[in-house]
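One structure is given here, and the rest of the page talks about it.
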Amino acid sequence: MRPAIWVAPMGEASVMPSDAEPLRAPRLNLLATNSAEELMSRCWRTALLLPALADALAVFKSGRPSRMFDITDYPEDDKELITQILGEGEVAGVAVLENGIIAQMQEAVMAGVWRIRFTVADGRIVADYIEVGSIPAAVRLACSRLPASISYGAAPAGAMNVMPLLTEIGDRITRHRASDPAHVITFSLFPMSPEDMSFLQHTLGVGPVRLTSRGYRTCRIVATGARKVWSVQFYDVMDTAILDTLEICDIPSIAIAAEEDFHDSMMRLREMEEAYFK
């Protein structure tokens, strides 16, 4: 059976705004232009930020809170230079917080370093941060208010396996602990009728986080409306879904920066500090 695409139930609005897009860096590389040296001479705040980021990476351990660096009031030259230095890594996404503020997230080319911009409904940026951590705190915060259980009515006509599946999901939500591996349900290996999928989607709903990982292949990670339940879909180069799963876990591992990469990120930042500001 071909993989089923996870979508919001027909006619049901998602809490994820349609125009909520990940933060993307400009393609122009200012570091390679003739004006780079003059720009860096003005950006003393960036010169101070890079070693602070490297120090935070050097001591970070999995399970610890992220370290936030507020650049909201930095001059535009500093912000532009920071954007160019950080570049774009594999993971980007958006998280809708309870107060309606949207966190736009982009991992840097250095794993474990994230650019986070917080915007309001009209698109105005109200805060701008660099964050050092495995995953932005906004992701956990957005999911923390989700219900830790699911409820549903009688099976729909044409159902095959959705009811035992929902029982399994509810049980796994209750039993899952932070140190447990993800429990994965693969739809391409699990016979589900269209009625099953529609009922499952309606029951779980759509949550407040959407992430995309563009490593070896594109992976789209969407929080459902139930805590610890995630849609994780892999796509080929033609943007066709080739693997459609649900993961029961705190946050899918494909979106999380690995602790062993933090040392490499720290060394790269120190090299950039040395190259550009010493």
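Each reported figure results from applying straightforward, stated rules to the coordinates on display, with no laboratory input. Remember, predicted model here, so these are calculated numbers, not experimental data. Because the Cβ atoms are built from the backbone with ideal geometry, glycine has one as well, and the counts that use them run over all protein chains shown.
Multiply the residue gap between Ala148 and Glu259 by 0.36 nm, knock off their C-alpha separation, and tell me the result in nm, one decimal place. Don't jump to the answer; show the numbers that get you there.
Details: separation 111, 0.36 × 111 = 39.96 nm, distance 2.78 nm.
That pair, Ala148 and Glu259, stretches by 37.2 nm at full extension.
Given +1 on the Cβ of Lys and Arg, -1 on the Cβ of Asp and Glu, and no further charges, what dipole in debye does the chain carry about its Cα centre, rounded to the nearest 20? All intermediate terms of the calculation are to be shown ahead of the outcome.
Working: 26 positive and 36 negative charges, 111 e Å.
Result for the chain is approximately 540 debye, rounded to the nearest 20.
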* Asked: Roughly speaking, what is the centre-to-centre gap between the range 152-212 and the range 215-278 when only Cα atoms are used, to the nearest Å?
  -> 22
* Structure fact -> Cα-based Debye curve of the range 31-161 sampled at q = 0.10, 0.20, 0.22 Å⁻¹ gives log₁₀ I(q)/I(0) of -0.42, -1.21, -1.36
* Asked: What are the principal axis extents of the Cα atoms in the range 145-255, in Å, biggest first?
  -> 41, 31, 22
* **Signed unit charges on C-beta, dipole axis of the range 145-255, positive-most listed residue Trp230, Ala182, Pro208** => Pro208
* Cα-derived Rg over Rh, computed across the range 179-218 with Rh taken as Kirkwood radius -> 1.04
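Grab the alpha carbons of the range 150-206, take their convex hull, and tell me the volume per residue in Å³. The partial results should precede the final answer.
On the way: hull volume 5.1 nm³, N = 57.
Dividing the Cα hull volume of the range 150-206 by its residues yields 90 Å³.
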* Asked: Which distance in nm do the two modelled labels at Leu48 and Met267 give, with both placed 7 Å along the Cα-to-Cβ direction?
  -> 2.9
* Could you work out Rg/(2.2 N^0.38 Å) for the chain, with Rg from alpha carbons only? -> 1.10
* Evaluate the relative contact order of the chain (contact order divided by residue number), counting alpha-carbon pairs under 8 angstrom at least 6 apart; express in whole percent. => 24
* Structure fact -> To the nearest 20 debye, the range 145-255 has a Cα-centred charge dipole, built from +1 on Lys and Arg Cβ and -1 on Asp and Glu Cβ, of 440
